[in-house]
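All remarks here apply to the structure that follows.
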Amino acid sequence: MVQKPRPTVRRIELGYELRQLRARAGMTLEEVIESGAVSGLHFAKLQRVETGLQDLGTAGALRGLLDLYNVTDERDVEQLLDIQRQGASQDWWTPFRSTMPSGMPRFVGVESAARETWAFHPVLVLGLLQTKAYSQTLYELSQPIEETTTEFINRNVEVRMRRKEAITRSEEPLILRAVLWEPALRYLIGSPAVMREQYDELASLASLPNVTIQVLPIHPPKIRGYVPVHDFSVLQLNGDLPTSVQVDNAWSATSVTDKPREVGRFTRKFNAITASALPPEDTPTFLKKLSRELK
């Protein structure tokens, strides 16, 4: 069964189409604004529309842009208007926006549009693979430093658990390829019971046909290569939509880009670490070993 359209997916799709149409018309963002084709449209808004961050607003505004881009076939116009209507509704995470870090709503939107995600985390268990107890403990440990509230913690844990449903849903589950560095798995978050539950969850998720988990060991069997010092995700979207890259920074903000140069760079990074990681079939045995070593 095909999944129901998701608003952010549609906004990304419409923005990508408008970007392509503008390029085909040989116009810059500045020239579109200067044309006055859409009343009240400014540079920042058009830029956000083209990246799927914001809805254009009205059907009249969309028709104004399409006229400017010489899109005259009414079937094409109606198709784009339908995409706009689907993208105008709220996403499931909209009520959580006030407690989400900068850039996070954009990332969750792109993630919801992804058919496949490649991810690496050198410090912690990847968010999509965390148990509720592990996630809750992480937020509680950082609470005195970040000066967050209990409401902030609970809402963000809920968002993380909702995001995780993408890999376990029955309809078109997200294909996930994850590499976890050994220190991230060994670092004790909370109690041994929390970690044992997390190891069991990783082993369970690794058994799913759409999930591949590899461990990048501290002491590989032979001298190997590159290890990134930061987390990142490469998100491959459905259809003709562009592949995107997500990276967190030290200010807890999330950046997402679909620039081909950056996508290529992070794709090479992921390919390099998967080549250095243990085979996926070794993951359950490695997790059992870590569980036995817990005091």
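Data overview
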item	result
Cα long-axis angle, helix 104-113 against the chain (0 to 90 degrees, to the nearest 10)	90 degrees
Low-density loop positions, chymotrypsin sites (Phe, Trp or Tyr not before Pro), segment 226-292 - DSSP coil, at most 15 other Cβ in 10 Å	Tyr226, Trp251
Compactness index (Cα Rg / 2.2 N^0.38 Å), the chain	1.12
Residues of the chain: accessible area per residue with a 1.4 Å probe, Å²	51 Å²
FRET efficiency for Arg85 and Ile218, using Cβ-Cβ distance with R0 set to 51 Å, rounded to 0.05	0.45
Relative contact order [Cα under 8 Å, 6+ residues apart], the chain, whole percent	20 percent
Set Lys164/Lys288; Lys45/Lys259; Lys132/Lys295; Lys269/Lys295; Lys132/Lys289 screened for pairs whose C-alpha atoms are more than 27 Å apart	Lys269/Lys295
Taking all pairs of distinct alpha-carbon atoms in segment 1-157, Kirkwood radius in angstrom	18.0 Å
FRET efficiency, 1/(1 + (r/R0)^6) with R0 41 Å, evaluated for Thr72 and Ala272 via beta carbons	0.30
Helix 283-293 vs. the chain, principal-axis angle (Cα, 0 to 90°, nearest 10)	50 degrees
Segment Leu29-Glu281, extension gain: residue separation times 0.36 nm, minus the distance between their alpha carbons	85.8 nm
Furthest towards positive pole of dipole, Gly87, Val77, Leu66, structure part segment 5-155, Cβ charges	Gly87
Approximate spin-label separation Glu165-Val229, in nm, with each point projected 7 Å along Cα-to-Cβ	3.9 nm
Peptides ranked, highest mean first, by Cβ atoms within 10 Å: ranges 149-156, 49-56	49-56, 149-156
Separation of the Lys288 and Arg115 label points, Cα + 7 Å toward Cβ, nm	3.6 nm
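The values are calculated or read from the model by the stated rules, or taken from the named source; none is laboratory data. Small disclaimer: the values here were computed from a predicted structure and weren't measured. With ideal geometry, Cβ positions are generated from the backbone for all residues, glycine too; neighbour counts draw on all protein chains shown. For the accessible areas, the whole protein counts, side chains as well, though only heavy atoms, and no ligand, DNA or RNA atoms are used. Shrake-Rupley method; radii C 1.70, N 1.55, O 1.52, S 1.80 Å.
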